[in-house]
Amino acid sequence: MGAKAIGPARGAVFLLLVGSLPFVGVQHWVLNMLVFTLMYAAMSSAWNLVGGLAGYPSLGHAAFFGIGAYIEAIWFQHHSVVSGYEPFYLLPLVGIVGAVIGYPFALVAMRTRADVFAIVTITLLFVGQTLAFNLTGLTGGAQGLAIPPAPFSADSFERPYYLVLLLLLAIAMGVTWLTMRSKVGLSLSAVRADEDKAAAIGVHVGGVKMLTFCVSVGITAMVGGVWAAYESFIYPQFAFDPLITIGIVLMTFLGGRGTLWGPVLGAFVLELAQQYLAYTLGGNEYYLIAYALVFLVVMLLMPRGILPTLQARLRSRRRRRAMPDDPVAEPAPPPIGSAADYAVSIPAPNGSER
Amino acid sequence: MTALLEVKDLHRSFGPVKAVDGASLTVDEGSVTALIGPNGSGKTTLFNLITGHLRPDGGSVRFGGADATTAGPAALHRRGLTRTFQQARIFPQLTVQENLVVASGFTWRELFGRRINPRDAEAAQRLLEEFRLAHVADLYAAELSYGQRKLLEFAAVLMSKPRLVLLDEPTAGVNPVLIETMEQHIRERNAAGITFLIVEHDMGFVMRLCDPVVVLDRGREIFVGTPAEVQQNPAVLDAYLGA
């Protein structure tokens with residue numbers, strides 16, 4: 001696997017390239033689009049830890065996005081914004097609080113698997129939204145909360161948010177890369193394939209699941225925090241938004257679950273397509289149809305996501321070249337992120353093995 | 001010889017079906033004990049009870065001199081009791097080498113170390129060579145044949161240096177050459193100090209390899225003896241051929 005050696009170099013080049021965009025006179029509307037793209041790329045990467053590597057399709061991650069947003073907003077009801085950078089200083093705390101809230105939740109939710117886990121986690125999203133609407137003393141309810149806008153110059157207003165989001169994306173990708181290279185990643189692969197068997201051969205199943213979930217939702221909460229500061233006004237229905245959850249999951253599936261670059265690729269394709277279509281198709285809602293169409297076409301042609309499909313093709317071509325005389329048809333590498341992936345993770349009812 | 005595993009009066013029902021109904025057996029340290037019986041006699045349920053995959057309704061299990069009745073599979077694995085499954089349960093999305101490494105059991109500190117460090121690779125390589133799987137080390141386990149998967153699962157349980165290995169039908173659906181290989185591996189590992197308890201339908205295999213043989217019928221043991229004794233016992237013949 002030579003990719004491992006050039007992995008960090010590729011990552012650095014990507015981050016440098018994307019990081020230089022705000023400094024080369026890219027227009028504001030493009031930067032604004034990219035801010036949202038980076039937001040989704042960071043969250044998809046974080047989600048991929050749980051949904052991809054561990055095989056737990058969480059639909060509750062947007063709840064942590066909302067939690068992060070509200071921590072920022074509530075904090076700045078009582079503190080002032082002077083330089084404009086204060087919301088960023090708060091981010092580590094936001095991440096930690098997100099992870100701490102995630103822990104007991106995961107402890108309960110991760111006793112379920114696959115579809116049931118998806119349903120259980122989405123409830124957290126609606127619980128969060130309901131609380132945000134109704135704890136009016138804390139959240140302002142439907143009135144929303146305002147964060148004093150940062151006094152950044154209008155010429156480069158997006159720049160700090162853009163760079164901090166890029167940093168969060170770098171953290172998410174770095175964590176993913178380290179996880180995949182460590183025995184945590186190996187353990188997660190075993191959990192995804194056959195959790196009961198993994199537990200029975202001594203894999204620290206509960207430990208790696210909890211750890212991954214907490215890190216993942218911690219990063220997600222930080223993204224929510226940046227979003228709140230960028231928007232400077234948040235409402236429950238946008239902070240706890242099912243569309244965010246759906247976006248994250250779709251992007252990861254599109255790019256390729258369980259891969260390092262898949263979620264990033266998915267975010268850049270889908271978010272940019274969506275924003276662009278929204279601009280060009282304008283005020284009507286046709287862009288949503290076009291958006292769905294993009295997704296359907298890719299899923300039709302590459303059901304496992306873009307990257308795994310390309311990797312599988314490359315792998316089989318390389319092998320065919322290595323042994324040109326081998327008449328035996330190439331067995332397909334196991335589908336990561338296909339429907340079969342879920343099938344194996346559904347627990348057998350107790351005693352079915354009799 | 002001392003008893004490594006003692007099962008006493010174990011019970012487990014599924015609704016009205018008494019799958020295991022007062023079974024008792026002893027596995028001596030260093031033995032290769034067989035557990036045979038007609039279909040539906042409760043062999044696999046008994047396996048699941050011993051290995052903690054199921055909780056018994058009554059009775060007790062002792063392993064290595066300590067109680068193991070309510071211990072789960074993970075706890076028992078740490079104590080040196082491990083098993084294979086009737087349908088080999090390997091991790092199809094991991095490579096053959098990774099399947100072995102993930103089964104080696106690591107500490108929290110090792111968890112944050114490299115996915116495969118040189119020591120892991122070496123340990124895996126040694127086993128793979130022994131099991132003649134070295135040439136497929138980098139393939140996904142999903143690409144292996146059925147027999148190779150069984151070998152892989154067997155090799156994987158050896159990674160954690162167990163004291164007692166429970167094999168559930170190690171030869172079912174495996175070609176004759178592989179059966180011989182499997183037999184040889186069990187012999188070698190047994191000579192190296194690992195105790196085996198084997199559920200098996202292939203009587204030739206059992207007769208060549210195992211002593212003693214425990215015969216299970218309708219959820220309890222009906223006879224324990226040497227292979228030769230088992231073959232001549234009227235109660236055993238009755239259980240197999242039906243009354």
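For the peptides A:60-73, A:140-153, A:183-196, the ranking by packing is A:60-73, A:183-196, A:140-153, with the highest mean count of neighbouring Cβ atoms within 10 Å listed first. Inter-chain Cβ neighbour count for A:180-187, averaged per residue, equals 6 (cutoff 10 Å, partner chain atoms only). Between B:Y146 and A:L163, the FRET efficiency from the beta-carbon distance, with R0 = 41 Å, is close to 0.15. Here the extension length gained between A:A154 and A:L288 equals 45.2 nm, from 0.36 nm per residue of separation less the Cα-Cα distance.
Neighbour counts of C-beta atoms inside 10 Å place A:W47, A:W75 in the sequence A:W75, A:W47, starting with the fewest.
Over all other residues within a Cβ to Cβ distance under 13 Å of B:L4, the charged ones net out to 0, with Lys and Arg as +1 and Asp and Glu as -1. Database remark: amide H of B:F14 closer than 5 angstrom to the amide H of B:A19 (H placed geometrically; neighbours at sequence offset of 5 or more, or on other chains; Pro and chain starts carry no H). If you look at the Cα atoms of the stretch A:35-242, you get an Rg and a Dmax of 17.5, 59 Å. With a ≥ b ≥ c the root eigenvalues of the C-alpha gyration tensor of the stretch A:46-126, is it rounded (a/c under 1.5), prolate (a/b larger than b/c) or oblate? The shape class here is prolate. Taken as Cα centroids, the stretch B:159-214 and the stretch B:1-29 sit 20 Å apart, rounded to the nearest whole angstrom. Label zone of A:H78 (point 7 Å out along Cα→Cβ, amide N under 18 Å): in the stretch A:133-150 this covers A:135-141, A:145-148. Using a cut-off of 32 Å between Cα atoms, the listed pairs A:K183/B:K43; B:K8/B:K161; A:K209/B:K18; A:K209/B:K161 include A:K183/B:K43; A:K209/B:K18 as exceeding that distance.
A cut-off under 15 angstrom between Cβ atoms defines the neighbours of A:Y103, and their net charge, with Lys, Arg +1 and Asp, Glu -1, is +2. Across the stretch A:267-293, the residues whose backbone nitrogen lies under 18 Å from the label position 7 Å along the beta-carbon direction of A:Q27 are A:272-283. Taken along the Cα-to-beta-carbon direction at a fixed 7 Å, the label points for A:W177 and B:Q184 span 4.6 nm. Per residue of A:202-214, other chain Cβ atoms within 10 Å of the residue Cβ number 3 on average. Neighbouring Cβ atoms from other chains, within 10 Å of the Cβ of residues in B:110-119, number 4 on average. Phi angles across the stretch B:120-131 convert, under the Karplus curve 6.51 cos²θ - 1.76 cosθ + 1.60 with θ = phi - 60°, into 3J(HN,Hα) values of 4, 4, 5, 4, 5, 4, 4, 5, 5, 5, 4, 8 Hz, Gly and Pro given as x.
Here the simple spin-label model places points 7 Å from the Cα toward Cβ, and for A:Y276 and A:F233 these points are separated by 3.1 nm. Comparing mean-square fluctuations of B:G15, B:G193, B:G64 from a GNM of chain B with C-alpha springs under 10 Å, the top value falls on B:G15. The charge dipole of the protein assembly as shown, taken about the Cα centre with unit charges on the Cβ atoms of Lys, Arg (+1) and Asp, Glu (-1), comes to about 760 debye, rounded to the nearest 20.
Legend: ranking of residues A:T136, A:T259 from fewest to most surrounding C-beta atoms inside 10 Å; resulting order A:T136, A:T259.
Centre-to-centre, using Cα atoms only, the stretch A:100-154 and the stretch A:288-305 are separated by 29 Å.
Each residue of the stretch A:264-271 was assigned a 3J(HN,Hα) from its phi angle through the Karplus curve 6.51 cos²θ - 1.76 cosθ + 1.60 (θ = phi - 60°); the sequence is 5, 4, x, 5, 5, 5, 6, 5 Hz, with glycine and proline shown as x. Starting from the Cα of A:I119, move 7 Å in the Cα-to-Cβ direction to define the label point; list residues of the stretch A:190-204 whose amide nitrogen is under 16 Å from there. No residues fall inside that zone.
For the pair B:D9 and B:N117, label points projected 7 Å from Cα toward Cβ lie 4.9 nm apart.
Working from the Cα coordinates of chain A, the gyration tensor eigenvalues give, after taking √(5λ), semi-axes of 35, 26, 19 Å in decreasing order. The C-alpha atoms of the protein assembly as shown occupy a region whose extents along the principal axes are 95, 62, 43 Å, arranged from largest to smallest. If the viscosity is 0.692 mPa s and the temperature 37 °C, what Stokes-Einstein diffusion coefficient in µm²/s follows for the stretch B:152-243 when Rh is the Kirkwood radius over Cα pairs? Here the translational diffusion coefficient equals 229 µm²/s. Of the residues B:K161, B:K43, B:K150, the one that moves most in a GNM of chain B with alpha-carbon contacts below 10 Å is B:K161.
Computed per residue of the protein assembly as shown from DSSP H runs no shorter than four, each worth -39500 (n - 2.57), the mean residue ellipticity at 222 nm is -18000 deg cm²/dmol.
Every number here is computed from the coordinates shown, using simple stated rules; none is lab data. Source: prediction; values computed, not measured. Don't worry about glycine lacking a Cβ; one is built from the backbone with ideal geometry, like all the others, and counts go over all protein chains shown.
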